Amino acid sequence: MKMQIVGPIGKVTGSCTWLFDEDRNWSFLIDCGMQQGEFTEKDWNQGLYWPFKPTEIQFVILTHAHIDHCGLIPLLYKKGFKGRVICTQETADIAKILLKDAVNLGAAYSNADIKAINWSEPNGIGLMGKFHPVDQDLFLRFYRTSHLIGAVSAAIYWGKPIPGQQKSIVFSGDIGPSMEDQEYLPFNRHVMIPGDKQPFNYAVIESTYGGVVREADLTCCMSRFARIKELLDKILLTNGTLLLPSFSLGRAQDLLFDLHWVINSEPEKYGEIEILLDSPTARKINPIFIKAMQRTEVGGKGLKKVRPLWLGKQMFRWFDLDDCEPAHIDKMDDIIRQCLGAKPKHEFDPTIGNETAKNWKSRLTLVEKRAELFNQSNKPRVVVASSGSCDGGAVAQWLGMVLKSERNIVALTGYCSASSVGGQLHTLSEIETRERRRHSGVLSWDGQAQDVKIRDIKAEITSLRGYSGHADQKGLINWLFWKFKSDDWCKTASEVFIQHGDDRNRDKLESAIMEFSVAADCPVRVVKPSSSNNIFDLG
């Protein structure tokens with residue numbers, strides 16, 4: 001088996017790895033994603049860098065639905081690929097929505113190419129951690145990553161399933177921040193460590209935040225709730241609008257839950273605040289989240305345990321609910337439904353859960369006609385609007401109205417590149433309102449909203465942090481090194497390839513891996529590919 005990490009090397013987007021074995025007639029991909037914001041994205045997103053022929057690819061294993069991992073799959077079909085895309089059902093459902101959005105934004109394929117995709121979830125009892133045959137002496141295992149609903153690490157085994165005759169590699173995909181019993185985001189169950197009695201021969205790990213170690217308050221749900229309270233207190237005083245620019249997938253759903261938590265925890269104080277969701281894509285994705293949270297699987301030794309596939313125990317803990325009691329499970333289902341804009345399904349039991357659970361009701365309005373709401377601001381409200389970078393979408397329309405009043409707040413909810421409108425707003429957050437009056441600049445949205453002169457911006461601009469779906473350096477190390485029923489450190493793989501990050505983050509993760517490896521007396525070899533043309537013989 002040979003491997004070529006086509007992308008990304010020294011970049012963050014455009015995930016694609018080619019595995020092939022000419023003797024066994026194997027040729028398949030792990031992910032096939034778009035580049036976003038890279039200087040090579042124009043040619044990359046036309047498939048001009050592919051070293052393989054799409055007609056010869058047998059199948060694609062997709063780790064998750066983000067466009068930088070799945071965005072070029074329709075182009076594969078357009079160029080002659082006939083195989084299936086192996087992934088979780090949730091990944092397929094979300095990817096269908098995001099790929100259609102990509103067509104509207106000028107992707108190099110059509111809706112017909114998207115319809116041609118043959119989505120395939122592995123069959124059998126137990127989706128996670130079980131062996132799924134994909135060809136003769138070729139097997140696949142999935143491990144949940146806690147990055148996103150449906151997201152998995154993918155392990156490949158080749159050779160006869162006999163000790164000493166089989167080799168293996170695991171691809172991390174994007175690893176999330178929630179470790180077991182340390183979950184702090186609502187809609188993600190903990191990371192599954194792809195551990196086994198014997199380490200994998202190889203691992204390919206992402207390094208998006210390989211050089212970052214987060215502060216403790218960014219990994220604590222109570223810190224998020226406290227920050228939201230601060231912002232809500234301000235708009236209560238001004239009867240203003242709190243605008244939360246948000247990505248439609250993952251971020252929007254987390255924000256809707258947190259807002260409902262804070263308001264329903266103190267309804268006598270915050271009950272008059274209305275939540276608006278202005279994101280057509282998030283509205284399509286919300287039902288997928290609701291359905292995913294209900295999904296369970298049978299697993300454990302001897303297949304004797306029933307576990308939620310995506311819903312974490314932290315949700316039950318927060319509401320003082322028992323995850324083994326059907327009535328409590330139904331209550332949790334309704335809590336999730338109501339904060340994501342659906343009606344409850346089950347009969348209300350006022351005795352179940354804590355006060356927040358008992359007070360819980362939907363505060364959400366789904367925006368149909370945006371223009372009618374712009375001037376209806378006689379009471380405090382929160383608007384969750386796409387997109388997170390503020391460069392377009394619904395949020396561009398809201399910014400044109402919200403930024404000009406001192407009654408309002410714009411709170412950025414995630415990373416924005418410096419050149420984006422969100423990045424420019426982040427810079428302005430450091431400048432006092434009086435000083436902005438001297439500024440000659442203009443914020444522009446390519447015709448999607450009226451330009452705003454910076455000197456006219458009177459709203460408070462701030463940040464609402466703690467929502468990243470990516471593990472930091474500590475989380476990445478925890479994926480590679482772990483303990484199980486002993487005091488000795490175990491390792492996920494003997495040889496580790498670092499991809500999917502800029503070189504600064506790759507360098508820092510490499511140093512951290514080697515330092516931990518020595519301290520834990522758990523040796524690994526680290527490979528940091530220098531080029532997408534490198535071909536590695538895996539044996």
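None of the figures in this text is laboratory data; all of them are computed from the coordinates on show. Here the structure is a predicted model, which is why all the values come from computation and not from measurement. Because the Cβ atoms are built from the backbone with ideal geometry, glycine has one as well, and the counts that use them run over all protein chains shown.
Convex hull of alpha carbon positions in the range 3-82: directionally averaged projected area 4.9 nm². Taken along the Cα-to-beta-carbon direction at a fixed 7 Å, the label points for residue 404 and residue 236 span 3.0 nm.
Averaging the Cα positions of each part gives two centres, and for the range 84-146 and the range 1-51 these lie 17 Å apart. Exposure proxy for 22, 41: other Cβ atoms within 10 Å of each Cβ, ordered fewest to most, give 22, 41. If I model a spin label as a point 7 Å beyond the Cα along the Cα-Cβ vector, how far apart are those points for residue 503 and residue 24 in nm? Output for this residue pair reads 3.5 nm.
A straight line joining the Cα centroids of the range 280-337 and the range 150-228 runs 20 Å. Here the 3J(HN,Hα) profile of the range 468-476, calculated from phi with Karplus coefficients 6.51, -1.76 and 1.60 at θ = phi - 60°, is 4, x, 9, 5, 8, 4, 4, x, 5 Hz, Gly and Pro shown as x.
Explain nothing, just the number: relative contact order of the chain, from Cα pairs under 8 Å at least 6 residues apart, as a whole percent. Write down the numbers at each step before the final one.
Numbers: 1148 pairs, mean separation 97.7, N = 539.
After rounding, I find 18 percent.
Once backbone amide H atoms are built at 1.01 Å from N, residue 525 has 495, 496 as its partners under 5 Å, excluding neighbours fewer than 5 places away on the same chain.
All Cα-Cα distances of the range 216-463, cut into 10 Å bins from zero to the largest, leave 7, 29, 33, 19, 9, 3, 0, 0 percent in each bin in turn. In sequence order, the range 164-173 has phi-based couplings of x, 10, 10, 10, 8, 8, 10, 9, 5, x Hz under the Karplus curve 6.51 cos²θ - 1.76 cosθ + 1.60, θ = phi - 60°, and Gly or Pro positions carry x.
May I ask you to derive the FRET efficiency for residue 349 and residue 482 from their Cβ-Cβ distance with R0 = 30 Å, giving the value to the nearest 0.05? In this case the efficiency is close to 0.15.
Charges were assigned to the Cβ only: +1 to each Lys and Arg, -1 to each Asp and Glu. The resulting dipole of the chain about its Cα centre is roughly 660 debye.
The convex hull built on the alpha-carbon positions of the chain has an orientation-averaged projected area of 25.4 nm². Here the relative contact order of the range 344-500, from alpha carbon pairs under 8 Å that lie six or more residues apart, stands at 19 percent. Here the Karplus relation 6.51 cos²θ - 1.76 cosθ + 1.60, evaluated at θ = phi - 60°, turns the backbone of the range 14-22 into coupling constants of x, 5, 6, 10, 10, 10, 8, 9, 5 Hz, with x for every Gly and Pro.
The charge dipole of the range 216-463, taken about its Cα centre with unit charges on the Cβ of Lys, Arg, Asp and Glu (plus for the first two, minus for the last two), comes to roughly 360 debye.
Can you tell which of 252, 517, 117 lies farthest toward the positive end of the dipole of the chain, using +1 and -1 charges on the Cβ of basic and acidic side chains (Lys, Arg; Asp, Glu)? After comparing all options, I get 117. Less than 5 angstrom separates the built amide H of residue 382 from those of 242, 274, 275, 276, all sequence-distant by 5 or more or on a different chain. Once you charge only the Cβ atoms, +1 for Lys and Arg and -1 for Asp and Glu, what is the size of the charge dipole of the range 130-231 about its Cα centre, to the nearest 20 debye? About 200 debye.
With the charge dipole of the range 216-463 set up from +1 on Lys and Arg Cβ and -1 on Asp and Glu Cβ about the Cα centre, the Cα lying farthest toward the positive end among the listed residues 232, 418, 462 is that of 418. Specify whether the C-alpha gyration tensor of the range 382-462 places it in the rounded, prolate or oblate class, a ≥ b ≥ c being the square roots of the eigenvalues: rounded for a/c under 1.5, otherwise prolate if a/b is larger than b/c and oblate if not. It comes out rounded by the Cα gyration axes.
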